[in-house]
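Below are the structure tokens for one structure; questions will follow.
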Amino acid sequence: MGVLDGVRVLDYGRFIAAPWCSALLADMGADVVRVEKREGGEDRWVQSVTDGGEGGTFLQCNRNKRSLTLDSTTDEGKQITRRLVATADIVVANMPAAGMRASGLDYATLRAIKPDIILASATAYGEGGPYSDRIGFDGAGQVMSGAVYRQGLPEQPIRTVVPYADFGTALTLTIGVMMALYHRARTGEGQHVEGALLPTAMMLSNAFLIERDLLGTEKPRMGNQGTSVAPCDLYRTADDGWVLLQIAGRPMFTRWCRLVGRPEFVDDPRFADDDLRWRNGAVLNEIMAQWCADKTRAEVMALLEAAKLPAAPMYSTQDVLEDEHVEAMGFLQRVPFPGAPHDVPIVGTPFRLSATPGEIRRRAPLLGEHTDEVLGEAGYTSTDIAGFRDRGVV
């Protein structure tokens, strides 16, 4: 039995921030209905990996959901929306406030239909400021948070390829939804939960902002080197592999000095603390690079692990798929999907509960796969549904 069994979610989300939030709710047992346009939401077709055109991110972010197609701009579509909202506990959406109002998904409209409804909305910049009506994807949060200014090469800032602002917003939004459900259980009151890409990205890079504000300094972009400690970098090995090492604190540094044959560095005033080691990091990183250069990746990892130093091999995507720990832990679950060449490796729920764990119970839905089923549950007859379909409502 899932911890959210009996909770109904209407998901109007697209791409990542809202859909991944509702996917996590679905993992925990919630009944999530993805409501999308009759031709399909645009996020369904990005990064296509199946014969039908569904994309990799779509398959990840929409598992455990049912799909209802609906043209909510029509009068009948609006009536259907109201009936669905009346049976829902949570509405999840990501669009600017003006778009929410135009779609009848703003909190005031939803609360008039169902007073204890919880609205979870994700936007790029948050509501109430001069940028609130702008649209933006993950990269907007990254580049406006100050993080990209600090990462990359000296002559070239580099945005992170992984959409961390999107997925981070999904996680913060999910936390907010669970807090709202807890509040509703105690008071009977719903509320509006907001998440946004920019404050999420700022949360993740807040230390940079604090450092700049208090010290008035801006550290340079340094590739893969550490932002505040050393030795810290990606080091090439003799077999053209790469290993990440991150040394922080005197005990680790002492063990590293002994490992690489430089015990005199322990008491060298240039390396007395993390800040000084960072300032003199070129010396330490060069020594580590030379130490790795004549050893294979496996040899480097074995020596670093024996010395109890925090290191990890850089994996290719294929390495991840074949890793024995990933396999043993069940981090990826193979899920069949129509039109995929074989079962799809979908990441499981990224947290574990001992009594009520999340699970992938069903694959992501085909477009409109559950339209008749969802409308039937809402009280519409097969004749009603056939009429909606003839008139282009569903």
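Among (1) within 29 Å of SER205 (Cα to Cα); (2) not in a loop (DSSP other than H, G, I, E, B), there is one condition VAL161 misses while meeting the rest; what is its number?
(2)
Something else about it: Considering each residue of region 86-96, count those that are at pLDDT 95 or above and either in contact with a Cys (Cβ under 9 Å, 6 or more places away or on another chain) or farther than 17 Å from HIS370 by Cα (or both), and give that number.
Qualifying residue count, region 86-96: 6.
On to the next question. Restricting attention to region 115-154, which residues are part of a strand (DSSP E or B) and closer than 14 Å to GLY195 by Cβ?
Correct list: ILE118, LEU119, ALA120, SER121, ALA122, THR123.
Now for a different question. Of the residues ALA248, ALA230, ALA207, which is surrounded by fewer than 20 Cβ atoms within 10 Å (Cβ to Cβ), of a type outside the set (S, T, N, Q) and assigned to a loop (DSSP other than H, G, I, E, B)? So that I can check it myself, show each step before the final result.
Values: ALA230 fails: surrounded by fewer than 20 Cβ atoms within 10 Å (Cβ to Cβ); ALA207 fails: assigned to a loop (DSSP other than H, G, I, E, B).
Only one candidate passes the filter, namely ALA248.
To keep it simple, each residue is scored yes or no on (1) touching a strand residue (DSSP E or B) at 6+ places or on another chain (Cβ under 7 Å); (2) acidic (Asp, Glu); (3) surrounded by 20 or more Cβ atoms within 10 Å (Cβ to Cβ).
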| residue | (1), (2), (3) |
| --- | --- |
| VAL3 | no, no, no |
| MET28 | no, no, yes |
| ASP31 | yes, yes, yes |
| GLU36 | yes, yes, yes |
| ARG63 | yes, no, yes |
| PRO96 | yes, no, no |
| GLY99 | no, no, no |
| SER103 | no, no, no |
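While we're looking at this one, here's another question. Taking interchain pairs and intrachain pairs at least six residues apart, which have beta carbon atoms under 8 angstrom, with the first residue in region 371-394 and within 18 Å of THR73 (Cβ to Cβ) and touching a residue at least 40 places away in the same chain (Cβ under 8 Å) and the second of a type in the set (S, T, N, Q) and surrounded by fewer than 18 Cβ atoms within 10 Å (Cβ to Cβ)?
As it stands, the answer is ARG391/THR74; GLY392/THR74; VAL393/THR74, since those pairs meet every condition given.
Only one of these conditions is not met by GLU264: (1) surrounded by fewer than 16 Cβ atoms within 10 Å (Cβ to Cβ); (2) closer than 17 Å to TRP242 by Cα. Which number is it?
Single failed check for GLU264: (2).
Would you say THR174 is touching a residue at least 24 places away in the same chain (Cβ under 8 Å) and under 28 Å from MET314 (Cα atoms)?
In short, no.
The values are calculated or read from the model by the stated rules, or taken from the named source; none is laboratory data. Quick caveat: nothing in here was measured; it's all calculated off a predicted structure. Don't worry about glycine lacking a Cβ; one is built from the backbone with ideal geometry, like all the others, and counts go over all protein chains shown.
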